[in-house]
Structures are given as structure tokens and as C-alpha cells.
1. Taking the residues in the range 341-364 that are touching a Lys or Arg at 6+ places or on another chain (Cβ under 9 Å) and part of a helix (DSSP H, G or I) as candidates, determine which candidate is most open to solvent (accessible area, probe 1.4 Å).
2. Would you check if S56 is of a type outside the set (A, V, I, L, M), surrounded by 15 or more Cβ atoms within 10 Å (Cβ to Cβ) and within 15 Å of Y133 (Cβ to Cβ)?
3. Filter the range 313-327 down to the residues that are hydrophobic (A, V, I, L, M, F, W, C) and either under 16 Å from L287 (Cβ atoms) or assigned to a loop (DSSP other than H, G, I, E, B) (or both) and list them by number.
4. Identify all residues within the range 18-57 that are assigned to a loop (DSSP other than H, G, I, E, B), modelled with pLDDT of 95 or more and more than 22 Å from the chain's Cα centre (by Cα); write none if there are none.
5. When the residues of the range 7-17 are narrowed to those that are in a loop (DSSP other than H, G, I, E, B) and either in contact with a Gly (Cβ under 8 Å, 6 or more places away or on another chain) or of a type outside the set (A, V, I, L, M) (or both), which ends up surrounded by the fewest Cβ atoms within 10 Å (Cβ to Cβ)?
6. Quick check: is even one residue across the range 160-167 aromatic (F, W, Y) and within 16 Å of G95 (Cβ to Cβ)?
7. Regarding I6, is this residue under 22 Å from G241 (Cα atoms) and at pLDDT below 95?
8. Against the definition (within 28 Å of L171 (Cβ to Cβ) and open to solvent by 10 Å² or more (accessible area, probe 1.4 Å)), how does K48 come out, yes or no?
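The values are calculated or read from the model by the stated rules, or taken from the named source; none is laboratory data. None of the values given here were measured: they were computed from a predicted structure. Glycine also receives a Cβ, built like all others from the backbone with ideal geometry; neighbour counts cover every protein chain displayed. Surface accessibility is based on the protein's heavy atoms, side chains included, excluding ligands, DNA and RNA. Shrake-Rupley method; radii C 1.70, N 1.55, O 1.52, S 1.80 Å.
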Amino acid sequence: MQAQNIIFPAQILRGPGVLSQIGHICSLLGQRAIVIGGHQALAAVVDKINHYLEGSAVTLVGSEWFGGETSEGNILRLAKRVEALSADIIISVGGGKSLDTGKAVGVITHVPVVAVPTIAATCAAVTPLTVRYFDDGHFRDLYPLPQAPASVIIDSELLAKAPLRWLAAGLGDTLAKWYEFRAISSHQGELTGVARSSSANSRICYDLIATYGGAACDAVRAGKTSAELDQVLDAIFMFAGLTSLMSSGAHAAAAHAIYEGFTVCDKTREFGHGLLVGLGNLCLLALENRSDEELREALLLSHACAVPLRLSEIASLTAEELEAIVQASLHAPDMHNMPHTVTAESLYAAFARVESMADVLNLF
């Protein structure tokens, strides 16, 4: 029998204003905290974190920019910084790349990580996985970690004030949990108990977004929390995270492969992981030869969630740039999880079919 190794975060705290509890949470883990994150994330939360640590037994000993890319060089540099400061807690803040960097630094230094997402763009805050890139931003590999964060603090007040495009990215990435898992598992026969759990969580992701996604986007447009936003945050972080944990990362397919293809182009690399995956979801449905009715439904949902529907909404690409993206997508590791061979011709046709239907539906 094959052994299972499923790694969960020790604690997930979600709700408006829950960042105020970080002093108590960190006091259970250590005494010297370093904050690692992106420039905007550090500007948004370092002062708040320092305030909330006052009165606890924890001292903030430093804050560091994660470096801009989740690269081996940045991870090793920050590990040396953690050791130099004798930090025994890492507070990792920001989006997917900075959170992934902080988690990897925690593993190298054997220091517990408290993840504080400042945008709801991916489920990176909860997973024992780092997506690594080269220093130039090109995708490198998926780097499994032996531990997940010790605590994840999902403050909906903080996330409601982030730009809408990052919630949209989270919605696109989370919808992929259902679309991609379905594409892979539909050809695998009877699912095991763990795979059934992953499938069920991925369907919950889809259902929550289909029900609350549009209203959650409206809440973020207004910069205010809402019950609908909290439901969507549960989908993005908890249920999407559970899908990834239960499938040990083996749930990604063409949508993520297309994202990986986009990383080879300077014009598209920084557009946003989940936004690119969101367009990839629609191409995945086309690659599966799903019906016009099903593709129409997916397009309407993506539009309500502010996910791009056309290549032109991402960047103006030359034929050579698009060819490079297509070829990189075809050779990306996640494309190999597709139940049938995807060719350049079928991928070009998928982009064209999605755009044509978006035009017919007049979705702009």
C-alpha cells in the first residue's frame, strides 16, 4: 500500500480584524520575529504588526523585502538574514511569491512561519509548497515543503482594501481547482477516499464562487468587508488549500500550464498568476471540447469575477511572442497531466474559441 503524507497548516484564522491577534499567536511560537514580504505589503502591515506585538513577549527584530522573485538566491539570502538576527518566528506577508519565499526560508532555517496574506490572489498562504522561479522571473519548478505555516491569519478587512485585480486573480486560481481536477480525474476511474475529498473541496470552491463571487467583487470595489467576501475568502484559502493538500499538488493541468507558458514573455509575466490561470481555465474547457452552453456559463462567471477573457486584455502580443507562450505551455509539467495530448494547433484554437464566444456574449 502506498503511504500518504498530507501536511496541514496548524491554524487558520479568518475574519475582519483578526490581524490584531498576531501578538498572542506569535507568543506561542517564539520571541524574535522578522517580517518578510513585498514592498507594498510591508508598507501596509509592518506598523500594524509592530503595534499588535506590543504587550506580548515578542519583539520585531527586522523586516526584509523578499526580493521580487521566489528564487533560490533570494531564499538563501533571507535565510542568512534570519540566522543573523537570531529570529525564531518568520511573519511572511504579501501575495503568492512573497508567501512562498517566506515558507521556504522557514524550512531552511527551521523557524515557524506565520502567513499573513495581504491580497487574496492564491492559496499559497496555507500550502506546503513553494513555486520557484529563476531570478529573471521564468518558471523554474514546484518545490514541495516538509511543513506548512504554523499559523495563517486571513484578515478580511485588510484584504477588502486591496485592488480588485488581486481578488479576481484569487477567484481565477480557485476556479481552476474544480476545472482542472475534473479534467484529470474524469479519466482516472474510481477515486480513492483522499482524492474524493480533494474533488469535493474543489467543487465547494466552484459553488462558493458561483454563488458569491460577483458580490465579493462588489465589496472589494467598495473597500468594505461583507459576508459574501468572507465566503469567497474561505474558498480561496481554505477549500482551495484543502484541494491542493489532499491531492499533494497533483491537481493542476492545462490552465496552470498556460500560466507557466505566459512566464516566458516579458509582457505577460507579471500580469498576475491567478488572472492568467483564469484565462487558462476557459482554454481548458475548450481543449476538453466542452459544449457551447458550458463554455458560455464559465465565461459569464469569469466576467462577473473580473477575470480576463481575451489575450488582448492581458497584453498586445506579436505572433512570435504568442508562439513562444504556446510552446512553453505545451512543455510545462502541468500540461502532462492532461488526459489527452494537447497540440499547438488545439491550443491556438482554444484561445480563438474563447475569444469568439466572449465577443458573441458582448463581454467587455
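1. V360
2. no
3. The first filter runs over the range 313-327 and keeps only residues hydrophobic (A, V, I, L, M, F, W, C), leaving 314-315, 317, 319, 322, 324-326.
Correct list: I314, A315, L317, I325, V326.
4. L28, L29, G30, Q31
5. G17
6. Pass one, the range 160-167, residues aromatic (F, W, Y): 166.
If we keep only those that are within 16 Å of G95 (Cβ to Cβ) too, we end up with 166.
Checking the range 160-167: at least one residue is aromatic (F, W, Y) and within 16 Å of G95 (Cβ to Cβ).
7. Working: under 22 Å from G241 (Cα atoms): yes; at pLDDT below 95: yes.
Here the answer is yes, as I6 does meet what is asked.
8. Yes.
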